[in-house]
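What follows is a set of notes on a single structure, which appears directly below.
Every number here is computed from the coordinates shown, using simple stated rules; none is lab data. All of these numbers come straight from a predicted model, not from anything done at the bench. Neighbour counts run over all protein chains shown; Cβ positions are idealised from the backbone, glycine included.
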Amino acid sequence: MFGKRPAQDGDELLARLGSLTTQARRHAELQRTRVELALALQRGMLPADLPSVPGFHLAVRYAPACSGLDVGGDWYDAFTLPDGRVGLSVGDVQGHTTDAAAFMGQVRVGLRALASVTGDPGELLARTNDLLVSLGADRFATCTFMRLDPATGALESARAGHTPCVWATADGRSGVSDDEGGPPLGVLGGAEYPVTRYRLTTGGVFVLLTDGVVEGPALRVDDGLDQVVRLAGAAAVAHLEAGSLAAAVIKNAERVGHEDDAAVLVVGHDGREAAAGPD
């Protein structure tokens, strides 16, 4: 009898290991399902299509966070305003949870709704900010909103605590936008958001992005922006299409040293002559 005990102990150990393996597999499947649902939630709140703008190309790229349920709250958007001009925005909600993703959807939809009342970037951000403050939102968002006039190439920009944009010209000039900006949305009631005006003409590009593209443990934001400036400058001189530039910029997010989500929106003017830059 005593000689059979080790075999019985071995069988019990194998049975326990088998049970633990089954539990681990089920847990992994549940976690994968949760991540897939979180990513679907986030992607479902981003626009499915971009407007067609004669004489201009719009391109976007988005890279989701890939750590657990840290889906993040970055967004991009482009839509036609009631007066025929085009609204462009990128933004980032505080935090990296499914709640952040849901709040991102609310802010993006709020911007669109209020844009039917006013397309002025500064006033639009001010109204959105006051709305979020009045609702007592426990999160805040950074954002850049631009209004493009396709007839003239005029760009009006307002920034709410967000990462600056990058511009480049077909004749080799490039740089970081120097607009003053205001506080993040949802922080301070009655905040003002100054408007800076630029002009986008043939061959030029503007790059709107979130901080996940240019900032992280392995990359300072100034260095990250410098890299995007070089990419945009080279793309404008080489007459690369907006999609190629957007793809090159989003790849920069791999160098920042973290798993934050990242969004890029590029607007470029068709053609090979003239330039884009500060108005």
Stretchable slack from Ala218 to Ser244, in nm (0.36 nm times residue separation minus alpha-carbon distance): 6.9 nm
Give me a comma-separated list of calculated 3J(HN,Hα) values for the stretch 106-119, in order, Karplus coefficients 6.51, -1.76, 1.60 applied at θ = phi - 60°, integers in Hz, x for any Gly or Pro. 5, 5, 4, 5, x, 4, 4, 5, 5, 5, 6, 9, 8, x
Which chymotrypsin sites (Phe, Trp or Tyr not before Pro) from the stretch 84-159 combine a DSSP loop assignment with at most 11 other Cβ atoms within 10 Å? none
Anisotropy class of the stretch 127-262 from Cα gyration tensor, a/c 1.5 cut: oblate
Where a ≥ b ≥ c are the square roots of the eigenvalues of the C-alpha gyration tensor, would you call the stretch 120-177 rounded, which needs a/c under 1.5, or, failing that, prolate if a/b is larger than b/c, or oblate? oblate
In whole angstrom, how long is each semi-axis of the equivalent ellipsoid of the stretch 47-278, when you take the square root of 5 times every eigenvalue of its Cα gyration tensor and sort them from largest down? 26, 22, 15
For Ala154 paired with Lys251, estimate the spin-label separation in nm (one decimal), with each label point 7 Å from Cα along the Cα-to-Cβ line. 3.8 nm
